[in-house]
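Report on one structure; see the data block that follows.
The values are calculated or read from the model by the stated rules, or taken from the named source; none is laboratory data. Computed from a predicted model, the values in this text were never measured in an experiment. Cβ placement follows ideal geometry from the backbone for every residue including glycine, while neighbour counts extend to all protein chains displayed. These accessible areas exclude ligands, DNA and RNA; they are computed on the full protein's heavy atoms, side chains included. Shrake-Rupley method; radii C 1.70, N 1.55, O 1.52, S 1.80 Å.
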Amino acid sequence: MDKTLTISYHEYDSAAGLPVADRELLEQAVAATATAYSPYSHFSVGAALRLTDGTVVCGSNQENAAYPSGLCAERTAIFAASAQHPDVRDYAALAVAGRAADGTLCEASPCGACRQVLAEYEGRQGHPMRVICLLQGGRVRVFASVADLLPFGFVF
Ligand code: THU
């Protein structure tokens, strides 16, 4: 039997159109690009994660000379949040932004490994985590749920 999967997402022409909480979270993701350690790729990624109690935990990509040992901004943020706030471990939204070597803001969308990690936390908490991605030219894409970013992810 053939089946079809449809995903929905919302795009805004600019961050100005976002609800205030999402706009502020994206601004924090943009600010977090300044904390990246990316001497190899020269590409900085910032992530800002809002817990359901309102706490915001930021992360950025942390690279290493032994390339696979580095970590993406999204996992840096969610692992830090899980370790620092284990009593909450409940996430409302994640915003992600990229910054090129020349300082220009650019698109950032969670990689496959980050989607798998985000999906596990979302699955455990039992309600969706919004994902807000900065796109080229200041546009913004919002997914209502991590599940929309990773259909058929691994479950154990
Ligand atoms: N990177 C992230 O931080 N998040 C992603 O979702 C994809 C890629 C980082 C990893 C590496 O430090 C740099 O971007 C270039 O790939």
- For residue 74, are the conditions met, namely being of a type in the set (Asp, Glu), within 8 Å of the ligand (Cβ to nearest atom) and under 15 Å from the mean Cα position of the chain (by Cα)? yes
- Note on the structure: Across segment 100-156, the tally of residues that are outside any helix (DSSP H, G or I), open to solvent by less than 60 Å² (accessible area, probe 1.4 Å) and of a type in the set (Gly, Ala, Ser) stands at 6
- Report the residue count in segment 49-71 for those that are more than 17 Å from the chain's Cα centre (by Cα) and of a type outside the set (Asp, Glu). 6
